[in-house]
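Quick notes on the structure that follows.
The values are calculated or read from the model by the stated rules, or taken from the named source; none is laboratory data. The structure displayed is predicted, hence computed values, not measured ones. When we count neighbours, we look across all protein chains shown, and the Cβ atoms used for this are built from the backbone with ideal geometry, even at glycine. Remember, those area values only see protein heavy atoms, side chains included, never the ligands or the DNA or RNA. Shrake-Rupley method; radii C 1.70, N 1.55, O 1.52, S 1.80 Å.
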Amino acid sequence: MENKTNDNKGKMSLTAKVLVGLVAGIVLGLFINILSLNPQGGFIDTYITNGLFHIVGKMFVNALKMMVVPLVLFSLICGVCGIGDLKALGRVGSKSFVLYLLTTAIAIAVAITIASISGIGSGMSMATDTVFAGREAPPLSQVLIDIIPNNPVNALSEGEMLQIIFFAILMGVCILMVGRPAKKVVELVEVLNEIMMKMVTLIMEIAPYAVFCLIAKAMANLGLELFAQLIGYVLVLIGILLLHLFVTIQAVLKIFSGLSPIKFMKKMRGPQVFAFSTASSNATIPVTLRTVTERLGVKNSVASFTVPFGATINMDGTAIMQGVATVFIANIYGIDLGFGGYLTVIVMAVLASIGTAGVPGVGLIMLSMVFTQVGLPLEGIGLILGVDRLLDMVRTAVNVTGDAAVSCIVAKSEGKLDEAVFNDPRAGVISGVEIDHDAEEELADIAKG
Ligand code: ASP
């Protein structure tokens, strides 16, 4: 097992190695960027940043994405079977839904308030020739209809998270209804879930190198001059994201569960770094799920639902970006949205977060839905497009932290949180993949028949 304790004290944990990869990637990427070592088509650009780094990074992100659908499917079926009674399932669903919407609404309301007070964008005039193709928000009725897949295989192949969640819950419920004859199915799914978790552990072994590559490439390609122009927007946004990360989420965690925010944040470093390097809550699901269950002690019956559900509907960081960007662009164009306008922004941002998956850059598409609704010019989004990549990374780290916090709160309230695991700093630490050779031989014998 990877849950080793005392005998591994001397070894560097995987999270520590990933952090080293992260810092080294930032340093190297910025070095390449500042010294302009990667002109387009040059050696470094072709073979290093857009060559080696791109390939290793993409392979890793693909490997993570590869895990998402089977992991969510199997763990959620197991979760539903293991939850005990179906009323508890309803409670977990409604509690997490309310908390996700609540934290997103708080996030954007705070963002709009602070951004308005800061006055960012007022008196600035900026022109852009970057065109941004906006999108209209799908009506709520469509979002609701789309929760039910007309073809579950399609839902699985397209990675439609809400549809997969729906199908898996239904399947779990029906397994429970079938009862004893379905015992073998439950056992099989449980083992499949365990195998998937092992795969996640295995993939994470290469994370330090992959994170290094992903970050070095992203930093090398940042348009730093743009950052200088948009410094007000960037600083206010990052400031509010950090405020939400370190104050709001922690306060919500403490108030609703009484758990220690410090212990929580220490264990969240892993998922935060993954979210930061991939800019995708969805791709981070395997890591978040593993951390929430094995490091924070949330039982799979809660986490298997709250984590994928949160990755899809809970986007506090994204909501903050939408709030700050709305104020910034409204100020640049000299448009006064008024109280009603900002209220619409809050409602729209919360609704848009329900129907859109946590993948890179989706926040800007949601922003275009908000802009269309309140009548702000879509070309305004072109102004912030160039700096969005880095900000996307930061807000995704905030998004996954919110998912994990709500998972802990809901689990605690349902008596499904193992506090001994939560309080044990070494619980679930990965420090090398171990193979049980006896079991290996036994299985080989079975396979040979
Ligand atoms: N990348 C974000 C996420 O996956 C969404 C966004 O803000 O664009 O959570």
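A few points about this structure:
- Apart from one condition, Leu101 fits all of (1) modelled with pLDDT of 90 or more; (2) crowded, with 23+ Cβ neighbours inside 10 Å; (3) closer than 23 Å to Gly363 by Cα; the exception is (2).
- If you go through segment 167-181 and pick out every residue that is buried (at least 18 other Cβ atoms within 10 Å of the Cβ) and over 13 Å from Gly79 (Cβ atoms), you end up with 1.
- Of all residues making up segment 133-154, the number that are in a helix (DSSP H, G or I) and at pLDDT 95 or above: 3
- Residue in segment 315-323 that is open to solvent by 10 Å² or more (accessible area, probe 1.4 Å) and either in contact (Cβ under 8 Å) with a residue 60 or more places away in the chain or within 15 Å of the ligand (Cβ to nearest atom) (or both) present: no
- Within segment 392-426, the set of residues being in contact (Cβ under 8 Å) with a residue 60 or more places away in the chain and of a type in the set (Gly, Ala, Ser) comprises Ala397, Gly402, Ala404, Ala405, Ser407, Ala411, Ser413, Ala420.
- Number of residues in segment 350-393 that are of a type in the set (Gly, Ala, Ser), at negative phi and under 20 Å from the mean Cα position of the chain (by Cα): the value is 6.
- Residue within segment 408-417 that is under 23 Å from Leu242 (Cα atoms) and within 13 Å of the ligand (Cβ to nearest atom) present: no
- Where a residue in segment 51-77 is open to solvent by 20 Å² or more (accessible area, probe 1.4 Å) and its partner, wherever it lies, is not basic (Lys, Arg) and not in a helix (DSSP H, G or I), with Cβ under 7 Å and at least six apart: Val69/Gly159
- Only one of Asp336, Asp392, Asp445 that is open to solvent by 60 Å² or more (accessible area, probe 1.4 Å) and either touching a strand residue (DSSP E or B) at 6+ places or on another chain (Cβ under 9 Å) or not in a loop (DSSP other than H, G, I, E, B) (or both): Asp445
- The single condition among (1) under 23 Å from Phe246 (Cβ atoms); (2) away from the ligand (no atom under 16 Å from the Cβ) that Thr401 does not meet is (2).
- Unmet criterion (only one of (1) β-branched (Val, Ile, Thr); (2) more than 25 Å from Lys266 (Cα to Cα); (3) open to solvent by 60 Å² or more (accessible area, probe 1.4 Å)) for Val359: (2)
- Tally of residues being among the β-branched types (Val, Ile, Thr) and either at pLDDT below 95 or farther than 22 Å from Thr312 by Cβ (or both) across segment 404-423: 1
- Complete set of residues in segment 339-350 that are modelled with pLDDT under 90 and either near the ligand (Cβ under 9 Å from one of its atoms) or surrounded by 22 or more Cβ atoms within 10 Å (Cβ to Cβ) (or both): Met348, Ala349
- Total residues in segment 248-267, condition open to solvent by 50 Å² or more (accessible area, probe 1.4 Å) and without any contact (Cβ under 8 Å) to a residue 12 or more places away in the chain: 3
- Selection from segment 292-312 of residues that are open to solvent by 10 Å² or more (accessible area, probe 1.4 Å) and either on the phi > 0 side of the Ramachandran plot or assigned to a helix (DSSP H, G or I) (or both): Thr293, Glu294, Arg295, Asn300, Ser301, Phe305, Phe309
- Filter pass, Leu86 being surrounded by 15 or more Cβ atoms within 10 Å (Cβ to Cβ), touching a helix residue (DSSP H, G or I) at 6+ places or on another chain (Cβ under 8 Å) and not hydroxyl-bearing (Ser, Thr, Tyr): no
- Tabulated pairs, segment 364-378, first away from the ligand (no atom under 13 Å from the Cβ), second among the acidic types (Asp, Glu), C-beta under 6 angstrom, 6+ apart or interchain: Thr372/Glu136
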